[in-house]
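The structure appears right after this line, and notes come after that.
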Protein chains: 2
Amino acid sequence: MALSHAIMTALIEDDMSGYELAKAFDASLGLFWHASHQQIYQELRKLADKGWLNRREVAQRGKPDKILYGLTLAGREALGEWVYRESRVQESKDDLLVKLYNLSAENIGHLRVEIGERREAMMQRLYLYERIRRGHYARPEVLPLRRQGVFLALRMGILAGEQYLAWCDEALDLLAREQEKRGPR
Amino acid sequence: MALSHAIMTALIEDDMSGYELAKAFDASLGLFWHASHQQIYQELRKLADKGWLNRREVAQRGKPDKILYGLTLAGREALGEWVYRESRVQESKDDLLVKLYNLSAENIGHLRVEIGERREAMMQRLYLYERIRRGHYARPEVLPLRRQGVFLALRMGILAGEQYLAWCDEALDLLAREQEKRGPR
DNA sequence: CCTCTTTATGCAAAATGTTGCATACAGCGA
DNA sequence: TCGCTGTATGCAACATTTTGCATAAAGAGG
């Protein structure tokens, strides 16, 4: 429902091609809203048909042509209105938590490994967030208002990541103690 | 992909009907994995066809008949294997964060309200988590191993909720200061 | 020259999830 | 008796997302 609005949001400042959008999604907004390139290409065409985006083909040297999309006035208006409309949270679904409901003496070792991997992955991600924060949001107070909103989203990513790490540590501790108790294998 | 496994997980200790499962999903596992009753009914039939669940009709007094589902041995085995397989995180998608990318002097008031509502909703939820923790997990050390896994999932819910509240407070502060600066309306 | 990677876009099928509706029976309160 | 709520199950249509495949041109490295 709101993939369209996430895409338009990504186009507020710069025009982009589907390919560039897919990469930007991986790096910024996509940290809060994942989308594959197939989804993005499809949605771009729909939005262009609706008149919310304009498209123009751009020839490039040494690379295939690309199609640049940009927000139209109508698109900007639609986006502005959308902010006031009902919003919904799509709760995350995590296999790992369901797996924990199945914890047993047999699989405890495996689950410790999986949690360890999650921890590692989250560390990487926090490192990326931190680079972004230092690079673009070192002094949030002096940023234009819109960028402060982006900063708040980044803060959510950072806080959630730190919380996740704390949980991993707690879980690894508990599981290590339990495995110890029952005799390590 | 793993809705089936979430359902089987919910049936580890007790047999349940689709209706009861839908309610259990709202209260326990569903806090980490949402599913509507339509999805649940469909999945139950598929799982029964696969031989992972058995079904038996139960007549009731004063209520419509129901169909009770229980894990078969094959189901338990499939679940046990699944724990070792690749797992994936489905990142949450939150309109609110995308909206924040569109922060403006015009909509700042609205976004403050929305964040306030999120805060309120999360408080309610934390209250529920806390009741569960006190009721069933006051002393996690003495629980059987499987229940300790469930406890860890609950801890994730609690930590994530507390982090969310902290973020709401931070965001509300920042937005209040900014709105003040630009002249309150 | 051949293969691999990067840039760039797309179709089609399958799986998943949402929305709206339908049915049926019991008990409760007005 | 009428409407409401709760229990209980389901279909059908639609929207969303994932998966697998396909194409094509340029540059890099062996």
Sorted on mean Cβ neighbours within 10 Å (highest first), peptides B:25-33, B:3-11 come out as B:3-11, B:25-33
Distances in nm between the label point of B:K50 (7 Å along Cα→Cβ) and its equivalents in the other copies, shortest first, are 3.6
Shielding of A:153-161 by other chains, given as the mean Cβ count within 10 Å, works out to 5
The summed charge of the A:D95 Cβ neighbourhood (under 12 Å; Lys/Arg +1, Asp/Glu -1) stands at +2
The simple spin-label model distance between B:E117 and A:Q39, using points 7 Å out along Cα→Cβ, in nm, is 2.3
Semi-axes a, b, c in Å (a largest) for chain B, each sqrt of 5 times a Cα gyration tensor eigenvalue, come to 40, 19, 17
Probe 1.4 Å, protein heavy atoms only: A and B together bury a total accessible area in Å², to the nearest 100, of 6600
homo-copy label distances at A:R134 (7 angstrom along Cα-Cβ), nm, one dp, ascending, are 4.4
Expressed in angstrom and rounded, the centroid-to-centroid distance over alpha carbons for segment A:83-145 and segment B:4-80 is 29
Given unit charges at Cβ for Lys, Arg (+) and Asp, Glu (-), the dipole magnitude of the protein assembly as shown about its Cα centre in debye, nearest 20, is 100
Taking Cα pairs closer than 8 Å and at least 6 residues apart, the relative contact order of segment A:1-45 in percent is 45
One decimal, nm, nearest first: from B:D15 to the same residue in each other copy, label points 7 Å out along Cα→Cβ, the values are 6.6
For A:K66, counting only aspartates and glutamates whose alpha-carbon sits under 17 Å away and dropping same-chain residues fewer than eight positions off, the answer is A:D14, A:D15, A:E20, A:E43, A:E57
With +1 at each Lys and Arg Cβ and -1 at each Asp and Glu Cβ, the charge dipole magnitude of segment A:95-181 around its Cα centre, to the nearest 20 debye, comes out at 700
P(r) of segment B:1-90 over all Cα-Cα pairs, 10 Å bins starting at 0, rounded to whole percent, reads 17, 51, 28, 4, 1
Most packed first (mean Cβ within 10 Å per residue), the peptides A:139-149, B:145-155 order as B:145-155, A:139-149
Note on chain B: contact order normalised by length, alpha-carbon pairs under 8 Å, 6 or more apart, percent, works out to 18
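The values are calculated or read from the model by the stated rules, or taken from the named source; none is laboratory data. All of these numbers come straight from a predicted model, not from anything done at the bench. When we count neighbours, we look across all protein chains shown, and the Cβ atoms used for this are built from the backbone with ideal geometry, even at glycine. With ligands, DNA and RNA removed, areas are computed over all heavy atoms of the protein, side chains included. Shrake-Rupley method; radii C 1.70, N 1.55, O 1.52, S 1.80 Å.
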